[in-house]
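Chemist: Below is one structure. I have some questions about it.
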Amino acid sequence: MLSLWLGAYDQGLAYAGLALGTYLTLRVLNFADLTVDGAFALGGCIAALMLSQGIPVAQALLWALIGGGLAGTVTALIHTRLGVNDLFSGILTTTGLYSITLRLMGRSNIPLTESGTLVSWLPDLGLGDDGRWALALTAIVLGLIGLLALLLSTDLGLALRAIGNNPTMTRANAISPARALTFGIALANALVALAGALVAVYQGFADVTMGIGSLVLGLGMVIIGESLLRPRSVKRALLAVAIGAILFRLLIAIALQLGLEPVDLKLATAVLLLIGLSLGHLKIPGLTSRNGCESDTQPDTTQTDPGDDPPVSGDDIEHPPAVEAR
């Protein structure tokens with residue numbers, strides 16, 4: 001039983017990059033990016049391909065990161081330079097990435113028979129490989145959260161947050177929305193690709209279809225984390241999103257333990273997402289209904305508890321509310 005929960009914890013951490021990337025595009029940049037499905041599979045493909053050729057895991061993860069960043073850059077350029085709708089630009093990129101991923105792999109599936117040896121050098125906590133994976137993935141996710149929190153507190157990070165909050169004000173402050181948006185989307189998809197690589201390494205194989213439904217998974221993780229923890233700053237929001245990824249995988253593990261058939265996982269995911277949306281009343285740009293109701297147009301992260309102190313410093317700046325989609 002412990003192995004089941006520890007495995008779910010490890011999977012949640014492996015998927016945390018997907019949740020962080022989804023949070024960046026949807027909540028910070030206010031950009032409905034559908035490149036996620038393609039970037040996730042691309043990251044897994046690159047990592048599996050390089051590991052199968054004996055390349056060190058660190059280099060494989062780095063190249064997966066770069067591949068995802070390039071995919072995000074293409075989507076951003078289609079949107080900002082060609083004026084294509086954000087949803088459609090992501091669909092175009094994802095459609096193209098399927099063929100690119102299949103070309104790179106040369107087949108639909110790459111097994112990684114020695115993936116367990118990648119963490120064999122870590123100390124044994126008496127929990128076997130699951131314990132070693134927990135150590136490695138916890139360190140990676142905490143490092144990502146720290147770097148993202150640091151980035152979003154810099155001038156560049158504040159510019160990214162301003163784009164999602166008020167593009168008009170961004171231009172008035174001599175910030176190029178196109179360049180900042182391109183950087184933000186590339187960064188988000190790099191995180192998603194890294195998550196795909198970690199998932200491929202953890203589960204021991206990469207498949208060309210592994211990215212299908214990734215956007216829904218990312219949304220579910222973000223919504224669960226924000227709905228339960230109600231973060232009031234960017235730093236806490238990043239941590240909440242990572243915790244949401246772990247809770248999401250734990251809920252899936254519970255559902256499987258209760259007898260849910262694996263073929264029903266997508267349906268269970270959609271139900272969990274619907275429950276999260278209903279409880280949290282969160283606004284998901286481009287994906288939630290717009291009926292003019294105030295409660296449906298204001299994210300919960302803008303709500304403050306009467307007894308809490310307001311944010312006063314850079315790291316505790318209140319999370320910017322989402323605005324009307326461009």
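The values are calculated or read from the model by the stated rules, or taken from the named source; none is laboratory data. All values reported here derive from a predicted model rather than from experimental measurement. When we count neighbours, we look across all protein chains shown, and the Cβ atoms used for this are built from the backbone with ideal geometry, even at glycine. Just the protein is used for accessible areas: all its heavy atoms, side chains included, with ligands, DNA and RNA removed. Shrake-Rupley method; radii C 1.70, N 1.55, O 1.52, S 1.80 Å.
Chemist: What net charge do the residues around LEU122 carry, taking every other residue with its C-beta under 15 Å from that of LEU122, with Lys and Arg at +1 and Asp and Glu at -1?
Modeler: Neighbourhood net charge equals -3.
Chemist: Return an integer: the convex hull volume of the alpha-carbon atoms of region 156-215, in Å³ per residue. Numbers along the way, then the final one.
Modeler: Details: hull volume 5.6 nm³, N = 60.
Cα convex hull per residue, to the nearest whole number: 94 Å³.
Chemist: So what J values fall out for region 7-21 if you push phi through Karplus, 6.51 cos²θ - 1.76 cosθ + 1.60 with θ = phi - 60°, rounded to Hz, Gly and Pro as x?
Modeler: Values, residue by residue: x, 5, 4, 4, 5, x, 5, 5, 8, 4, x, 4, 5, 5, x Hz.
Chemist: A further question on this structure: Going by average Cβ neighbours within 10 Å, how do the peptides 104-113, 133-142 rank, with the highest at the top?
Modeler: Put in order of decreasing packing, that is 133-142, 104-113.
Chemist: Could you tell me the ratio Rg/Rh of region 211-256? Both radii from Cα atoms, Rh via Kirkwood. Mind showing how you got there, number by number?
Modeler: Values: Rg = 10.8 Å, Rh = 10.7 Å.
Taking Rg over the Kirkwood Rh, I get 1.02.
Chemist: Whole Å is fine, so just give me how far the alpha carbon centre of region 263-277 lies from that of region 185-261.
Modeler: 13 Å
Chemist: Okay, next question. Output the peptides 30-41, 119-130, 61-72 sorted from most to least packed, where packing is the average of other Cβ atoms within 10 Å over each peptide's residues.
Modeler: In descending order of packing, they fall as 30-41, 61-72, 119-130.
Chemist: Enumerate the calculated ³J(HN,Hα) couplings along region 79-96 in order (Karplus 6.51 cos²θ - 1.76 cosθ + 1.60, θ = phi - 60°), each rounded to whole Hz, writing x wherever the residue is Gly or Pro.
Modeler: 6, 7, 8, 9, x, 7, 3, 4, 4, 5, 5, x, 4, 4, 5, 4, 4, x
Chemist: Quick check: from the Cα gyration tensor, does region 1-101 come out rounded (a/c under 1.5), prolate or oblate?
Modeler: Note, shape of region 1-101 comes out oblate.
Chemist: Viscosity 1.306 mPa s, temperature 10 °C: give me the Stokes-Einstein translational D for region 91-161 in µm²/s, with Rh taken as the Kirkwood radius over C-alpha pairs.
Modeler: 99 µm²/s
Chemist: Compute the length gained on full extension between LEU265 and ASP155: take 0.36 nm times their separation in residues and subtract their Cα-Cα distance, giving the result in nm to one decimal.
Modeler: Working: separation 110, 0.36 × 110 = 39.60 nm, distance 4.15 nm.
Between LEU265 and ASP155, full extension yields 35.5 nm more.
Chemist: For region 133-245, with every protein chain kept in place, what is the accessible area per residue (1.4 Å probe, Å²)?
Modeler: Numbers: 3970 Å² over 113 residues.
Accessible surface, normalised per residue, equals 35 Å².
Chemist: If you don't mind, another one. In nm, what is the difference between 0.36 nm times the number of residues separating LEU258 and GLN59 and their Cα-Cα distance?
Modeler: Details: separation 199, 0.36 × 199 = 71.64 nm, distance 3.95 nm.
Taking LEU258 through GLN59 to full extension adds about 67.7 nm, to one decimal.
Chemist: Now a separate question. Leaving out ligands, DNA and RNA, and with a 1.4 Å probe, what % of the accessible surface on region 68-180 is carbon or sulfur?
Modeler: Heavy-atom surface of region 68-180 belonging to carbon and sulfur, 1.4 Å probe: 64 percent.
Chemist: Between beta-carbons, use under 9 Å as the cut-off and find the net charge around GLY213, counting Lys and Arg +1, Asp and Glu -1. Before the final figure, lay out the partial values.
Modeler: Working: positive: LYS266; negative: ASP37.
Its environment carries a net charge of 0.
Chemist: For ASN30, enumerate residues with amide H under 5 Å from its amide H, sequence gap 5+ or separate chain, H modeled in the peptide plane.
Modeler: Residues meeting the criterion, in which the H sits 1.01 Å from N, do not exist here.
Chemist: Using the alpha-carbon centroid of each, what span in Å lies between region 56-105 and region 122-175?
Modeler: Between the Cα centre of region 56-105 and that of region 122-175, the gap is 20 Å.
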